[in-house]
1. Could you list which residues have their amide H under 5 Å from that of residue 7, counting only those 5 or more apart in sequence or on another chain, with H placed in the peptide plane?
2. If one puts a single equal scatterer on every Cα of the stretch 2-130 and applies the Debye formula without solvent, what log₁₀ I(q)/I(0) results at q = 0.10, 0.13, 0.18, 0.19 Å⁻¹?
3. For a footprinting-style exposure proxy, rank 312, 146 by other Cβ within 10 Å, fewest first.
4. Which pairs in the list 319/393; 171/446; 232/446; 175/319 are over 32 Å apart, alpha-carbon to alpha-carbon?
5. Arranged by the count of other C-beta atoms within 10 angstrom, fewest first, what order do 234, 179 take?
6. Taking the Cβ of each residue in 216, 23 as the centre, tally the other Cβ atoms inside 10 Å and list the residues starting with the fewest.
7. Under 5 Å between amide hydrogens, which residues at least 5 positions from residue 248 or on another chain qualify, with H placed 1.01 Å from N in the peptide plane?
8. Rule-of-thumb check for the stretch 269-375: C-alpha Rg over 2.2 N^0.38 Å?
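Values quoted throughout were computed directly from the atomic coordinates according to the rules given, and no laboratory measurement underlies them. Keep in mind it's a predicted model, so treat the numbers as computed, not measured. Cβ sites come from the backbone with ideal geometry, for glycine too, and all protein chains shown count toward neighbours.
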Amino acid sequence: MRFAFYGRLSTDDRQDVTLARPSQLHACERKVQTLGGTITADWFDVESGSHDQRAGLLELIAEARDSATRRFDQVIVYNTSRLARDRVDAALFERDLRRLGVPVVYESGGGSPLEIAIKQAIDEHERNQIKVETRRGQAQNIMNGYRCGGRAPYGYRLEYEPHPVASRASKGDRKSRLTPDPEQMPVVQDIYRWWVEDGLGTMAIADRLNSGAVPSPVHTNTSRNVRRRWAKSTIRAILQNPVYTGRLVWDRTDHSLKRERGGGGARRREPDEWVRSEVEHPAIITQTLFDAAQGRFHAKSRRPARKSSRVYLLTGLVKCASGHEPLAMFGASTRGYTYMRCDYGRSYGSSEAAAIPGHGQWCSVREDDLLPLILDFFEKRIFGAARTDLLAKQLDQLGGADADAQTRARLTRQIADVDTAVAAQVRGLEAGIDPMAIKARVDELKIDRATYEAALSVLAPPMSTDHGRLADNLARLPDLSDALRAAGPDVQREVFDAFGLRLEYDRTRGTARMSAAVDDALADVLAGATELTPSICTGGHGGGRIRTCEGRANAFTARPL
């Protein structure tokens, strides 16, 4: 009997992954031997048990779907908490694998279905208790004037001091407070002065800073804003952050609903729900100036919002990749034509957009240039008689797999190596190595990581490993090309959403690169359909992506504007 090992180390655990992984694996190997089997494949995640989008687990499930090529018959996990600390997620993972003919076995904590369900409920309860205690400790840490991790806000830098508990300090543990950064502090003061005293808007302030070649804060997602330009959203965030008045403020946003729903935005808490420090750090601006800044925001928010009944067909589906990282394009109407316009100029300023070769101040493309290309894509690659042949040709051109798979694996491995090196530097700090030497090395590693992440971000989405299922689903679809062309905008948009249509427009190359997905649920709904009616399309789009080929000659090309 062949077994796949799955292990997990929580990001909240203070454990060494070099110890946790082999200890779980060796225990599972002993269990498998008693069952007369061997471990023939293994996956391991360093991720919270409350997250269901774990790379290793998803790869395991993807391989399990292909019964002809998968390397295992069962899955062995150390205990129920290693699979998931959410009982619903755990049950769904077990169910999905069981339907594929791959049961899950536990080294410890297994037993009857009832015993496993009880254990999973206990795992979730323990996770919730840990969350409560962690939040309580973090709140008190903030009230004492210490940071709860993360980088310093723009205008400040972190100042470290030994941990107040002697036993923790003896092990090298430290805590951090905020102290003004001498180079960034004047910039924050200028931003507030320009907003309150000079009446400049957030875009005008960003333009002034960009024209003065003042580097912007590094984005938390290092693959974004690689040009280091100020955006109006960055200006707004600085103007609305009370940290500059000399007190830490924590827990201003609630992400719990976002996690529960699997997406969407975070809820902004009311000010009386915020956790505020009782210990001050040096202020960059006065409370009076901060209040005046908020007053201007409140005055703007009381203005009646402009109402528009116009809904653009391609909003949210099209991204501009013309000389910068892909950014959303928004709809606009000019002289009777509908355009999709790049958001770069609106976010970073028209002068910054114009500085990108071939981009222009307002990079745009007409909707009636893109829509025929989209309809052609659906006619030829989704509904047309040659769709399965085109898919086979595409997979053949990609080597039967993801064309970027090796590059993506290499970059992912390099990022993991960087993280391991950073962890080693942290251990060196705890061992007493010069902190300045550690900082210099960590800064180098951060630059390496940002480079790898930027290269990773421009790769195409991964191809599905289950090509057979994708081809089967595609073959089940009827030819609805004429129905899609004849449908109204509402039905067309519903179809585009159901297939997870994505389009990247590159003005510099004159290309529009498209991809779509077909899953079992969508194929079930559309099989046998002869027309497209409102609400006909339901289901997700996780069954593998069909896309235009990599080469320019095979990509659809938009007409010149």
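1. 43, 44, 45
2. Calculated log10 I(q)/I(0) at the listed q: -0.28, -0.48, -0.97, -1.09.
3. Lowest to highest Cβ neighbour count: 312, 146.
4. Violating the 32 Å limit, Cα to Cα: 175/319.
5. 179, 234
6. If I rank by nearby Cβ atoms, fewest first, I get 23, 216.
7. The list, which skips near neighbours in sequence, is 277, 281.
8. Compactness ratio reported: 1.57.
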